[in-house]
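Colleague: Right, I'll just put the structure down here and ask away after.
The values are calculated or read from the model by the stated rules, or taken from the named source; none is laboratory data. It should be emphasised that the depicted structure is a prediction, and the values quoted were computed from it without experimental measurement. Reconstructed Cβ throughout: ideal geometry from the backbone, glycine too, with neighbour counts over all protein chains shown.
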Amino acid sequence: MSIQNLQTFDPFADANKGADDDVQDGLVHIRIQQRNGRKTLTTVQGLSSDYDLKKIVRACKKEFACNGTVIEHPEYGEVLQLQGDQRENICQWLTKAGLAKPDQLKVHGF
Amino acid sequence: MAEEDAMFDPTLIKKKKKKKTAFDIDAALAEGSGDAIENVNNSISNNVADDNKEEDIDDNVDIDLDFSKKKKKKKKPFNMEELESTLPDGKDKEDSALDNITNQDDSIMDDNFDLDFSKTKKKKKKKKDLDELIAEADDKQDDKENVEDSTVSWTGSDRDYTYDELLNRVFEIMRDKNPDMVAGKKQKFVMRPPQVVKIGTKKTSFANFTEICKTLHRQPKHLLDFLLAELGTSGSVDGNSQLIIKGRFQQKQIENVLRRYIKEYVTCHTCRSPDTILQKDTRLFFLQCETCGSRCSVTSIKSGFQAVTAKRAAIRAKTS
Ligand SMILES: [Zn+2]
C-alpha cells in the first residue's frame with residue numbers, strides 16, 4: 001500500500017527545466033532588429049519549450065502574411081523569427097491564443 | 001428625558017407644519033403638473049399624520065430610536081411616491097434634493113443625539129427652499145469633514161463608491177493637506193531631447209549622448225548598453241563624444257528608448273524622484289533613491305537573442 005500523496009511527483013520539475021533553458025525571468029522577449037534598408041526582423045525569445053514552436057511559426061506566418069523560422073539557440077533555446085515588424089501582431093496573437101499573459105510579454109525596441 | 005421631550009416636541013410639530021406648506025410650493029414650482037402635486041401632497045400629509053401619531057405614542061421611547069424611525073418613515077413615502085409620480089423635467093431637481101435629504105438622514109442617524117438636535121433644526125429650515133437646502137447641505141458637509149470635497153461624486157446617492165473614486169478622494173485630501181507635495185509633483189524631469197542625425201544611409205548619430213548621460217547622472221556605458229540592447233544593433237562613442245549607431249533611427253524612436261531607460265534606471269520606482277544612484281552590488285544593479293530612501297533592484301541589461309542580419313557570406317569570410 002502506498003500513500004498517494006507521496007509519490008514521485010516533483011513539483012519543481014518545471015522550475016528546473018526553466019533554469020537550464022536560461023529563460024531567465026519567465027518573460028517572453030519580443031525584439032526588433034533592423035536589416036539592410038527599411039527591412040526589419042522580429043524575434044520572440046522565451047516561449048515555453050512545452051509548446052511546439054514549429055506549429056506556432058506556421059500559424060504566425062499565415063496570420064501575419066510574413067515569412068518566419070524557428071532558430072535553435074544554445075543559450076536561449078528555440079527562438080521564433082519573423083520578417084518585418086510583427087511586435088504588435090505577435091503580442092496580440094500570443095495573448096489571444098493563451099500562450100502568454102500580457103504581463104509576461106516584454107517588448108523591446110524603439 | 002421628559003424635559004427633553006417637551007423641548008423637542010413642539011419644535012418638531014412646528015417644523016412639520018412649515019415643511020408641509022413649503023414643500024407644496026416647491027413641488028409646484030418644480031413640477032408644474034397638478035397630478036404630481038396632488039400625489040406629493042397626499043404623501044406628505046400621510047407622512048405628517050404618521051409622524052404625529054408616532055409622537056403621541058413614542059413619548060416614552062428613547063429619543064435616538066425615535067429619530068431613526070421617523071426618518072425612515074419620512075424617507076420612504078417621499079422616495080417612492082414622488083419618484084414615481086414626478087414628471088421628467090421636475091424629476092432631476094427633486095431627485096437631487098431628495099438624495100440630499102436622505103443623505104443627511106443617514107448621517108444624522110449615525111451621529112449621537114446631542115448633535116441630532118441642531119441638525120434636525122437645520123433640516124427643517126432647509127425644507128423651506130430647495131436651493132437653500134442644497135447649499136446648506138454642502139455647508140454642513142464642509143463643517144463635518146473639511147476634507148469632503150464637492151467633487152466627491154457619490155455624495156447624495158446611495159450607491160457604493162468605486163475604488164477609483166476613493167483613490168481620487170484620498171489624493172485630493174493629500175494635496176489639500178500637503179501643498180508642498182504638489183510642488184514636488186510639479187518639479188518634473190526636464191531633459192533636452194536627443195539630437196539624432198542620419199549619417200549616410202546605414203548609420204545614425206546620437207550627438208548629445210554624453211550630455212544626456214551627464215544630466216541623467218549615469219555612466220555612458222550603462223546607457224550605451226541599454227540603447228544597443230534595445231535597438232538590437234551595435235555602435236560606439238566616437239571622438240566627438242557622440243554615439244554612432246548602426247542602422248537608421250529617428251529622434252522619436254531614440255526618445256522612446258530613452259524614456260524607457262529613465263523609467264527603469266533613473267526615476268525611483270517608489271516615489272518617481274529622479275534623484276537616485278545606481279549601484280552595482282554582486283552582479284545586480286540597485287537603484288537607491290536619495291529622496292525617499294527606497295532601494296530596489298533593476299533588471300539587468302541583456303541583449304538576449306540576436307538574429308543574424310549581416311550577409312552570411314561576409315561572416316564566413318571574417319571567421320575563416
Ligand atoms: Zn524614492
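Colleague: Taking B:Arg316 and the conditions (1) farther than 30 Å from B:Ile199 by Cβ; (2) of a type in the set (D, E, K, R); (3) more than 14 Å from chain A (Cβ to nearest Cβ), which numbered condition does it fall short on, given that it satisfies the others?
Modeller: The number of the failed condition is (1).
Colleague: For segment B:277-315, what are the residues that are within 16 Å of the ligand (Cβ to nearest atom), free of Cβ contacts under 8 Å to residues at least 24 places away in the same chain and out of contact with any Ser or Thr (no Cβ under 7 Å at 6 or more places or on another chain)?
Modeller: Scanning segment B:277-315 gives B:Gln279, B:Gly293, B:Arg295, B:Ser297.
Colleague: Taking only pairs six or more apart or across chains, which ones have beta-carbon atoms under 8 Å, a first residue in segment B:253-266 that is touching a residue at least 12 places away in the same chain (Cβ under 8 Å) and surrounded by fewer than 19 Cβ atoms within 10 Å (Cβ to Cβ), and a second residue that is in a helix (DSSP H, G or I) and among the acidic types (Asp, Glu)?
Modeller: Between residues of segment B:253-266 that are touching a residue at least 12 places away in the same chain (Cβ under 8 Å) and surrounded by fewer than 19 Cβ atoms within 10 Å (Cβ to Cβ) and residues that are in a helix (DSSP H, G or I) and among the acidic types (Asp, Glu), the close pairs are B:Arg260/B:Glu230.
Colleague: Any residue at all in segment B:256-266 that's under 27 Å from A:Thr43 (Cα atoms) and under 24 Å from the mean Cα position of the chain (by Cα)? Please lay out each step first, then the result.
Modeller: Going through segment B:256-266, the residues under 27 Å from A:Thr43 (Cα atoms) turn out to be B:256-265.
Those left that are additionally under 24 Å from the mean Cα position of the chain (by Cα): B:263.
Looking for residues that are under 27 Å from A:Thr43 (Cα atoms) and under 24 Å from the mean Cα position of the chain (by Cα), one finds at least one in segment B:256-266, hence yes.
Colleague: Among (1) more than 28 Å from A:Leu82 (Cβ to Cβ); (2) at pLDDT below 90; (3) more than 16 Å from the ligand (Cβ to nearest atom); (4) of a type in the set (Gly, Ala, Ser), which single condition is B:Ser273 missing?
Modeller: (3)
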